[in-house]
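The values are calculated or read from the model by the stated rules, or taken from the named source; none is laboratory data. A quick note: this is a predicted structure, and the numbers were derived from the prediction, not measured. We place every Cβ from the backbone using ideal geometry, glycine too, and count neighbours over all the protein chains shown. Keep in mind that these areas ignore ligands, DNA and RNA; they rest on the heavy atoms of the full protein, side chains included. Shrake-Rupley method; radii C 1.70, N 1.55, O 1.52, S 1.80 Å.
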Amino acid sequence: MNIALWLQRTAQQYPDRPAIALGREVLWNYRGFAESAARFATWMRAQGLAPGDRVALFMYNTPDYLPLMWGAWWAGVAVVPINAKLHAKEAAFICSHSGSKIVFCGAEARDELEAVLRDGGNAVPVLSSFAFLRDASIAPSAIEPRGDTDPVWLFYTSGTTGRPKGVNLSLRQLRWTCMGYLSSVQALAPGDVALHPAPMSHGGGLFHLPYVMQAGINVVPESGGFDAQECFDLAAHWTEASFFAAPTMVRRLIDVVKKTGQRPTGLATICYGGGPMYLADLEEALELIGPHFAQIYGQGECPMMITVMPRALINDPTQPRYRERLASVGFAQSMVEVAVVDAQGKDVPTGETGEIRVRGEAVMNGYWDNPEATAASIVDGWLYTGDVGRLDEDGFLTLLDRSKDLIISGGSNIYPREVEEALLTHESVAEVAVIGRPDPEWGEVVIAFVVTRQPMTAAELDAHCLTEIARFKRPKHYRFVDELPKNNYGKVLKTALREMDAKS
Ligand code: AMP
């Protein structure tokens, strides 16, 4: 089945319900949203796109994001949403690797991306104006039939090998992700509101699917991103408003309430996840913002969630080991099985630590055009998450660490290897190792240990990074050292670097 049927059915049942708003203004009702998608599908076909093709979206959140995605699906085309904060070179790699035939791009990034793609021999059209979404003279198309395992969304994560990997998500995963949300996070009714302060290219975008299924209202903030006060103002205006927030966003929400002294209104659920949430922050958030929090733990490879800590449990201090549970990531969402295993893939005894693995309909089909990485991640039907944790006797999962190198700064994933590779392209850099340092504001910040061939400054390295990688991935601090600590095999000992950094 084609996922676009969800939109078509909602438009048939609730044509006049608001579907997409910018700030307080409704731009599309469900009739208009579905018509726009159906016309866009015709436009796509006229460009020569066929079912199974891919198109990329490289833009900040805008109300057009949704008709572009749903119109592509209507035509049987898969979407490749790309984090708008990535460097043009990084985005160009994803466009080329996914074989995207058109790139829909924010106006601010268009020229640079087009130039990088052209230099790389890829002449794919890069469009930043979408008049066809509103062109009533285009005849609507019928929905293209699709199979349950045909790609719908290629979700590019950063890879520890330095190259991003495209998680291949089809209707199968997206259907069970929605059902998981509706059964384990919260049920929805027509008119419930999803705010979109988090990038739609990532987990925050997947969050909108159950709202289309259930005739909810998708509200894009006018800022196109996250502004804590704006979120509160929009929640107060729309009411029954939910949104996804990385732990650093929750911290900013708390700070606004502290500053203004005003308890927010109109909130349903703030789903936090994507990185570790400190217990002290959660307790403060519950006290100052109210009983509106649910936690999700997931990854692109098993979207949006593997485990859930629902509102009802977060708000029930009478349950056993309440604070321990608050510090956990909850229990397996209804649609998957979770286990904690040792290096041989055997379940460890309850309470013991091991790697978290998950299986079920929400687990990805595999990585796009990367069978080696797929075979390394999915073994005997289980997805190995690379996260380390332990299960208690009631099935609550506590995350102890992540795959050991991943840095999560401000809710964004940064793989040290990518930063290391960028720094190593500087001729004066001999060796480099990158780690995360815990930081109260960002969760973690990036620290680079550098061995140089000749004396150089941090400013030079920072300028170099600006030409290679996204701004948010740049190291915040550089430490120049004579040599890096290594084991007998010549592998850099990152634990030793973390200890050195903590002591300094
Ligand atoms: P991504 O694929 O970009 O969504 O990143 C997924 C990774 O983020 C997971 O493998 C975890 O390491 C981390 N993560 C996601 N949710 C949580 C959470 N609720 N608590 C702690 N870490 C999390």
As straight-line cross-link partners of residue 259, the qualifying lysines (C-alpha separation under 27 Å, not fewer than 8 residues apart within one chain) are none
For residue 325, the net charge from surrounding residues (Cβ-Cβ under 11 Å; K, R +1; D, E -1) works out to -2
Quick calc: nm separation of the 7 Å Cα→Cβ label points for residue 321 and residue 134 -> 5.6 nm
For segment 97-200, listing GluC sites (Glu not before Pro) in a DSSP loop whose Cβ sees at most 15 other Cβ atoms within 10 Å gives 108
Per the charge dipole of the chain (beta-carbon charges, Lys/Arg positive, Asp/Glu negative, Cα centre), the residue among 407, 272, 40 reaching farthest to the positive end is 40
Taking a probe of 1.4 Å and leaving out DNA, RNA and ligands, segment 406-503 shows per residue an accessible area in Å² of 51 Å²
Between the modelled labels at residue 480 and residue 239 (7 Å from Cα along Cα→Cβ) the distance in nm is 6.2 nm
With +1 at each Lys and Arg Cβ and -1 at each Asp and Glu Cβ, the charge dipole magnitude of segment 107-159 around its Cα centre, to the nearest 20 debye, comes out at 120 debye
Filtered hits (aspartates and glutamates, Cα-Cα < 20 Å from residue 346, offset >= 8 within chain) -> 337, 355, 380, 387, 392, 393, 394, 401
With DSSP loop assignment and no more than 16 other C-beta atoms within 10 Å, the trypsin sites (Lys or Arg not before Pro) in segment 376-425 are 404
Among beta bridges assigned by DSSP with both residues in the chain, the antiparallel ones amount in percent, to the nearest 5, to 60 percent
Treating only Lys and Arg (+1) and Asp and Glu (-1) as charged, each at its beta carbon, one finds that segment 87-181 has a dipole about its Cα centre, in Debye to the nearest 20, of 300 debye
In deg cm²/dmol, rounded to the nearest 500, the helical mean residue ellipticity at 222 nm of the chain, built from -39500 (n - 2.57) for every DSSP H run of length 4 or more, is -9000 deg cm²/dmol
Out of 470, 432, 442 - ranked by how far each Cα lies towards the positive end of the dipole of segment 406-503, with unit charges on the beta-carbon of charged residues - the top one is 442
For the chain, whose charge dipole is built from +1 on Lys and Arg Cβ atoms and -1 on Asp and Glu Cβ atoms, the candidate among 345, 190, 375 with its Cα farthest towards the positive end is 190
In debye to the nearest 20, the charge dipole size for segment 406-503, taken about the Cα centre with +1 at each Lys and Arg Cβ and -1 at each Asp and Glu Cβ, equals 220 debye
Over 32 Å (Cα to Cα) among 101/476; 165/486; 85/494; 89/258 -> 101/476; 89/258
Expressed as a whole-number percentage, the relative contact order of the chain with C-alpha contacts under 8 angstrom and at least six residues apart is 12 percent
So the carbon and sulfur contribution to the accessible area of the chain, 1.4 Å probe, in percent, is 50 percent
The relative contact order of segment 406-503, taking Cα pairs under 8 Å that sit 6 or more residues apart, comes to a percentage of 26 percent
Checking segment 277-356 for trypsin sites (Lys or Arg not before Pro) in a loop per DSSP with at most 15 other beta-carbon atoms within 10 Å yields 321, 346
For the pair residue 365 and residue 115, the simple spin-label estimate (label points 7 Å beyond Cα toward Cβ) gives in nm 3.7 nm
Residues other than residue 79 with Cβ under 15 Å of its Cβ, Lys/Arg counted +1 and Asp/Glu -1, net out at -1
